[in-house]
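**Q** Take a look at the following structure, please.
The values are calculated or read from the model by the stated rules, or taken from the named source; none is laboratory data. All of these numbers come straight from a predicted model, not from anything done at the bench. Here Cβ is always computed from backbone atoms with ideal geometry, including for glycine, and neighbour counts include all displayed protein chains.
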């Protein structure tokens with residue numbers, strides 16, 4: 001039996017059903033935020049499945065949880081696959097969790113098929129990918145890759161003032177696992193992450209597998225406008241320095257300047273604050289956030305220039321500033337892994353398309369360490385970060401079949 005043939009759709013689906021009970025919400029989603037009791041319960045459940053199959057488990061200083069199936073060469077670097085188990089406060093059952101369970105299903109399929117690999121094959125549940133409780137997101141993979149400092153992340157606090165190191169200690173006490181020696185991070189020979197698309201392209205194009213070529217870059221900005229507070233009933237409009245009116249002019253111009261024919265650039269104004277916030281006072285200050293994403297840094301540079309020109313020319317008579325507060329460069333995945341995902345998908349007779357990821361994933365950090373790639377499967381109407389997020393058992397199993405074939409090839413090279 002091939003490893004792909006040993007993937008069990010019913011088992012993979014039941015694993016999702018069981019995990020969805022941990023932090024399940026009345027609307028069918030999950031609230032399983034990082035290092036919460038629900039997260040600890042999910043860790044314990046995964047560990048129990050691993051131990052039942054004879055796989056070893058371990059954790060590290062940031063709480064990443066690893067499941068290992070040994071290879072024939074104890075000195076060979078491992079091949080890793082996984083995602084995250086934490087969710088948004090009103091999250092779905094598949095975001096992140098599918099990548100963890102697909103990786104675990106790959107280990108089980110290898111075992112059931114009796115497939116031997118040269119290298120160890122490991123599944124991972126990365127800590128705090130969502131960033132809904134502790135920021136920044138993708139924390140576990142960033143610390144693993146050395147992109148964030150462990151000591152700094154351990155002192156981060158959630159919205160209630162709980163320090164991450166305290167929440168982590170409580171989680172590891174509730175869900176204990178052998179601690180890996182030394183700092184987080186160890187050498188890898190390859191990494192592949194399966195995930196629901198979180199967008200509508202695969203469903204719209206009637207494709208089963210997304211061959212992910214890259215993760216688009218993202219930048220965030222804060223635009224602030226200073227006006228002059230005035231009485232709403234007595235101050236003529238011509239005499240006003242209305243900070244909100246200036247913000248509206250800039251926002252409208254920005255939306256127009258960031259419209260592209262192929263609808264690749266993503267531009268979002270997600271938060272607007274108006275001060276003093278009184279119904280009968282002309283606003284004296286406004287601020288709004290911008291989230292802008294594209295696979296090309298050059299395109300992002302060009303559009304950032306446009307945004308700055310708009311702030312300089314459209315705010316008058318109010319002074320305004322734009323500050324770039326976050327930059328995540330685009331991640332190009334290793335052509336070898338991308339080609340391998342495509343080849344294995346075609347060999348299994350599954351419809352597919354090449355595509356970039358619009359969302360960030362743990363893979364963007366691991367790509368700096370070893371050849372890395374991703375596999376997407378459709379989600380209903382492209383809805384994610386939502387309790388009604390949905391995917392079909394057959395699509396989930398198809399992605400797991402591609403994953404195990406790719407991992408087998410990487411583990412035997």
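**Q** Would you check if residue 223 is modelled with pLDDT of 95 or more, touching a helix residue (DSSP H, G or I) at 6+ places or on another chain (Cβ under 7 Å) and not in a loop (DSSP other than H, G, I, E, B)?
**A** yes
**Q** Within the group 305, 285, which residue is farther than 12 Å from residue 222 by Cα, surrounded by 14 or more Cβ atoms within 10 Å (Cβ to Cβ) and modelled with pLDDT of 95 or more?
**A** 285
**Q** Let me confirm something: among 349, 373, 399, 358, which residue is in contact with a strand residue (DSSP E or B) (Cβ under 8 Å, 6 or more places away or on another chain) and over 28 Å from residue 297 (Cβ atoms)?
**A** Among 349, 373, 399, 358, only 399 is in contact with a strand residue (DSSP E or B) (Cβ under 8 Å, 6 or more places away or on another chain) and over 28 Å from residue 297 (Cβ atoms).
**Q** Let me ask something else about it. Could you go through the stretch 273-280 and let me know if any residue there is in contact with a helix residue (DSSP H, G or I) (Cβ under 9 Å, 6 or more places away or on another chain), surrounded by fewer than 19 Cβ atoms within 10 Å (Cβ to Cβ) and modelled with pLDDT of 95 or more.
**A** The answer is yes; a qualifying residue exists.
**Q** Looking at the stretch 120-212, what helices (runs of 4 or more DSSP H) fall wholly within it and have at least 1 residues that are under 30 Å from residue 413 (Cα atoms)?
**A** Hits in the stretch 120-212: 139-145.
**Q** Moving on to the next point. Take the residues in the stretch 356-383 that are in contact with a helix residue (DSSP H, G or I) (Cβ under 8 Å, 6 or more places away or on another chain) and surrounded by fewer than 19 Cβ atoms within 10 Å (Cβ to Cβ), then tell me which one is nearest to residue 198 (Cα to Cα).
**A** So the residue we want is 382.
**Q** Among the residues of the stretch 246-275, which ones are farther than 29 Å from residue 229 by Cβ, free of Cβ contacts under 8 Å to residues at least 60 places away in the same chain and either within 24 Å of the chain's Cα centre (by Cα) or assigned to a loop (DSSP other than H, G, I, E, B) (or both)?
**A** Selection gives 258, 259, 260, 261, 262, 263, 264, 265, 267.
**Q** I would also like to ask the following. What's the number of the condition residue 329 fails, among (1) at pLDDT below 95; (2) out of contact with any strand residue (DSSP E or B) (no Cβ under 7 Å at 6 or more places or on another chain)?
**A** Residue 329 satisfies all of (1) at pLDDT below 95; (2) out of contact with any strand residue (DSSP E or B) (no Cβ under 7 Å at 6 or more places or on another chain) except (2).
**Q** Select from the stretch 61-92 the residues that are in contact with a helix residue (DSSP H, G or I) (Cβ under 9 Å, 6 or more places away or on another chain), surrounded by fewer than 23 Cβ atoms within 10 Å (Cβ to Cβ) and within 22 Å of residue 137 (Cβ to Cβ) and list them in ascending order.
**A** 61
**Q** Further question on the same structure: Being touching a residue at least 40 places away in the same chain (Cβ under 8 Å), surrounded by 14 or more Cβ atoms within 10 Å (Cβ to Cβ) and part of a loop (DSSP other than H, G, I, E, B) is the requirement here; does residue 397 meet it?
**A** No, not satisfied.
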